[in-house]
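K.L.:
Encoded as structure tokens, here's the structure I'll be asking about.
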Amino acid sequence: MTRVSTNNVGFQYAVETTPGVLPGSPTWFVTEPNDITAAGAKLTRVARQPISKLRQARKGAIVNLESSVEYECDVTMSAVYDVVEGFVFAESVNVDLAFRAAPVLTTGYTIPAATADQAAKIQFSGTVATLIYARGYSTAANNGLKVLTADTAAAGVLLAAGGQGLVVEASPPTNARVEVAGIRPAAADLSIVVTGTTAVLTSAASINFTTIGVKVGQFVHVGGLLAANQFSAAVGFARITAITATTLTLDKLLGTFATDTGAGETVDLLFGQFIRNVATDADAYDTRYLERTVQYELFYPDLLTGPADGFKYPEGNYFNTLGINLPLNNKATMSVGLLGLNTPAITGTRKTNASAGVLPVMTAAFGTASDIARLTTRIGATTPTVCFQSLTLNLNNNASRENCLGTLGATYVNVGIFGVQLQGQVVFTSEDIPNAVRNNTTVSLDFVLHNQDGTIVLDLPSMELDGGDEEFPLNQSVKVNFTGNAFADATLNTSIGISLFPVTP
């Protein structure tokens, strides 16, 4: 038995099959917290206090157990992938197009037998090819952007990428990852027409936009990593507002966008996973409501007599509150809060597979000065120039515990109305935000975080502003504080959209 140092504590999670119950062979994922503020049970006792000449309390009874997990961590691509589905209570579009530890052949990446849905999105026809992106492999040549070289039919077991320098890697690291990153059409196939703040991207023949894995509300990147795979007049991020077989209608254009016929140009379209909140009865493919629970392991080295390691397992944890913090001149961080059902006593017996936790592979931090590609507020048809000094995005599922007589700990967790709130401070450079508060104007906000591990685009399509109070610090600019509350957008019917790209320029 010995003192446990914080730096020696292990912290990882596994997805449960039902609340409080792990699958027979769970996969554990290592988490990188900066601070763990709650981990397990908080017990409530009530003492006996009978009227007595002794004038003392008597030993009472345990009457309640509240289990929770709360921690803070840096915003990284891996950290976001870990929690985003759980907090939005929705399955990611294209989550089935990411594969972990896929063995490598010289001809491609070996994946489990493809479903019909997967095979429909992974396309190759000689004139159009899916783009895939790999990272975390031991052999450098197996990482990076690859172009599909053969079709993956239903029940197929290969993401073909022959002729692109692949080296056999039969047992890659467990955190190696390969995923769909976009699509490359035939030469001169794509054209774009820009009208004001919107655009229409058209495929002349090779792409069917309804089958490649993009959805209304999702952000895409028009143009690939290299100039050779971009329009000469249009490149950047944009949000999809309508989809037909041959066209994508786009708004929220970020970059250089002008009409381009695409003559002589082979233009990539980059995209990845997409998460937005959906109705509780949504159960269609790529539009599925999800109530995910996870179990955590806290590893305490040499805690028990022997010495022997000790383990604690908070069970049945629902994702409740998430804060994404963008402070001035710092790194982006996340505050994560989960409500659980129970935490049994510390044990010396470790759960199945917990000794083989998968390390995160996308661990680069996002700097709030260097890695924010866009932070834009839209008020009506205008996009005012805004100098943000701080910004915090809060997601709240308003979860609560439900207790029953005879059970120590929660029997159920109730999930409430999904809340999306923004808190921020801006330099007073125009009257737009104070007037939007005063006039109850519907506004929109989106921001893009980009580094070498990928890109995150967070989109609040419709929001109302509160506050508007001003600060007058000596020798500084006047500041305006505001709070934004997102609500169901009239067109998209969502409060938030999160687009995750494995790679963008």
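K.L.:
Taking every pair of alpha-carbon atoms in the range 392-505, give the share separated by more than 19 Å as a whole percent.
P.N.:
On the way: 3946 of 6441 pairs.
The share of Cα pairs beyond 19 Å in the range 392-505 comes to 61 percent.
K.L.:
By the scheme Lys and Arg +1, Asp and Glu -1, what is the net charge of all other residues having a beta-carbon under 9 Å from that of F482? Let's see the in-between values first.
P.N.:
Details: positive: none; negative: D466, D469.
After counting each charged neighbour, the total is -2.
K.L.:
Modelled label-to-label distance, D117 and T246, 7 Å Cα→beta-carbon offset: nm?
P.N.:
3.0
K.L.:
Turning to a different aspect of this structure: Which of the listed residues, F482, L43, V443, is farthest toward the dipole's positive end in the chain, when Lys, Arg count +1 and Asp, Glu count -1 at the beta-carbon?
P.N.:
Highest projection toward the positive end goes to L43.
K.L.:
Take the Cα gyration tensor of the range 99-158, multiply each eigenvalue by 5, square-root it, and list the three semi-axes largest first, rounded to whole angstrom. Mind showing how you got there, number by number?
P.N.:
Details: eigenvalues 76, 38, 16 Å².
Taking √(5λ) for each eigenvalue gives 19, 14, 9 Å, largest first.
K.L.:
Take the Cβ-Cβ distance between V46 and T429 as r, set R0 to 51 Å, and report the resulting FRET efficiency rounded to the nearest 0.05. Before the final figure, lay out each step's value.
P.N.:
Details: r = 56 Å, r/R0 = 1.11.
Plugging the Cβ-Cβ distance into 1/(1 + (r/R0)^6) gives 0.35.
K.L.:
When the convex hull of the C-alpha atoms of the range 279-325 is computed, what volume per residue in Å³ does it have?
P.N.:
Per residue, the Cα convex hull of the range 279-325 comes to 140 Å³.
K.L.:
What number comes out for the charge environment of R239, summing +1 per Lys or Arg and -1 per Asp or Glu over other residues with Cβ under 15 Å away? Walk me through the numbers before you get to the answer.
P.N.:
Details: positive: K215, K252, R276, R374, R378; negative: D251, D446, D459, D489.
Overall, the nearby charge balance is +1.
K.L.:
With respect to the cross-link table entries K146/K351; K215/K479; K121/K252, which display a Cα-Cα separation exceeding 30 Å?
P.N.:
On the way: K146/K351 38 Å; K215/K479 38 Å; K121/K252 25 Å.
In this structure, K146/K351; K215/K479 exceed 30 Å between Cα atoms.
K.L.:
Give the average over all directions of the projected area of the C-alpha convex hull of the chain, one decimal, in nm². If you can, show how the numbers build up before the last one.
P.N.:
Values: hull surface 121.3 nm².
Mean projected area for the chain: 30.3 nm², to one decimal.
K.L.:
Let me ask something else about it. Can you list residues whose amide H is under 5 Å from Y137's amide H, if they're 5+ apart or on another chain and H is modeled 1.01 Å from N?
P.N.:
The list, which skips near neighbours in sequence, is R177.
K.L.:
Cα convex hull of the range 29-152: how many Å³ per residue?
P.N.:
On the way: hull volume 23.9 nm³, N = 124.
Considering the Cα atoms of the range 29-152, their hull volume per residue is 193 Å³.
K.L.:
Right, something else. Give me the distance in nm between label points sitting 7 Å out from Cα along the Cα-to-Cβ direction at A365 and T211, one decimal.
P.N.:
About 4.6 nm, to one decimal.
K.L.:
Which one of W28, G468, P173 is farthest out on the positive end of the charge dipole of the chain, using unit charges on Cβ (Lys, Arg +1; Asp, Glu -1) and the Cα centre as origin?
P.N.:
W28
K.L.:
As I understand it, the dipole of the chain uses +1 on the Cβ of Lys and Arg and -1 on the Cβ of Asp and Glu, about the Cα centre. Which of N142, T115, V75 lies farthest toward its positive end?
P.N.:
Among N142, T115, V75, the one farthest towards the positive end of the dipole of the chain is V75.
K.L.:
Could you work out how far the C-alpha centroid of the range 251-314 sits from that of the range 435-453, in angstrom?
P.N.:
Taking the Cα centre of the range 435-453 as reference, the centre of the range 251-314 is 21 Å away.
K.L.:
If you don't mind, another one. For the chain, which span is the longest to avoid every loop-located (per DSSP) member of GluC sites (Glu not before Pro) having at most 15 other Cβ atoms inside 10 Å? Intermediate results must be reported in sequence, preceding the final value.
P.N.:
On the way: sites that count: E291, E431.
By the stated rule (loop sites, at most 15 other Cβ atoms within 10 Å), 1-290.
K.L.:
Please arrange L422, L226, L304 by accessible surface area, largest first, computed with a 1.4 Å probe and ligands excluded. Each step should come with its number before you reach the end.
P.N.:
Working: L422 0, L226 110, L304 50 Å².
Putting L422, L226, L304 in descending order of accessible area: L226, L304, L422.
K.L.:
Something else now. What size of dipole, in debye to the nearest 20, comes out for the range 332-477 about its Cα centre when the only charges are +1 on Lys and Arg C-beta atoms and -1 on Asp and Glu C-beta atoms?
P.N.:
I would put it at about 740 debye.
K.L.:
How much accessible area per residue does the range 393-498 have, in Å², with a 1.4 Å probe? Each step should come with its number before you reach the end.
P.N.:
Details: 4940 Å² over 106 residues.
Accessible surface, normalised per residue, equals 47 Å².
K.L.:
Considering only protein heavy atoms and a probe of 1.4 Å, how much of the accessible area of the chain is carbon and sulfur, as a whole percent?
P.N.:
Numbers: 11270 of 21650 Å².
Heavy-atom surface of the chain belonging to carbon and sulfur, 1.4 Å probe: 52 percent.
K.L.:
Also, quick follow-up: Under a Cβ-only charge scheme (Lys and Arg +1, Asp and Glu -1), can you give me the dipole magnitude of the chain about the Cα centre, in debye to the nearest 20? Can you show the working numbers first?
P.N.:
Values: 29 positive and 41 negative charges, 322 e Å.
My answer is approximately 1540 debye.
K.L.:
I've got another one for you. What shape does the range 221-347 take by its C-alpha gyration tensor, where a ≥ b ≥ c are the square roots of the eigenvalues and a/c under 1.5 counts as rounded, a/b above b/c as prolate, and the rest as oblate? Could the numbers behind the result be given before it?
P.N.:
Numbers: a/c = 3.18, a/b = 2.25, b/c = 1.41.
Since a/c reaches 1.5 and a/b is larger than b/c, the shape of the range 221-347 is classed as prolate.
K.L.:
If you don't mind, another one. Write down the Å³ per residue value for the convex hull defined by the alpha carbon atoms of the range 147-268.
P.N.:
On the way: hull volume 16.8 nm³, N = 122.
It comes to 138 Å³ per residue, whole-number rounded.
K.L.:
Rounded to the nearest 10 Å², what accessible area does R184 show when all protein chains are kept and the probe is 1.4 Å?
P.N.:
Surface open to solvent at R184 totals about 60 Å².
The values are calculated or read from the model by the stated rules, or taken from the named source; none is laboratory data. Because the structure is predicted, anything quoted here is derived from the model rather than measured. Glycine also receives a Cβ, built like all others from the backbone with ideal geometry; neighbour counts cover every protein chain displayed. Note: accessible area is taken over every heavy atom of the protein model, side chains too, but ligands, DNA and RNA are not part of it. Shrake-Rupley method; radii C 1.70, N 1.55, O 1.52, S 1.80 Å.
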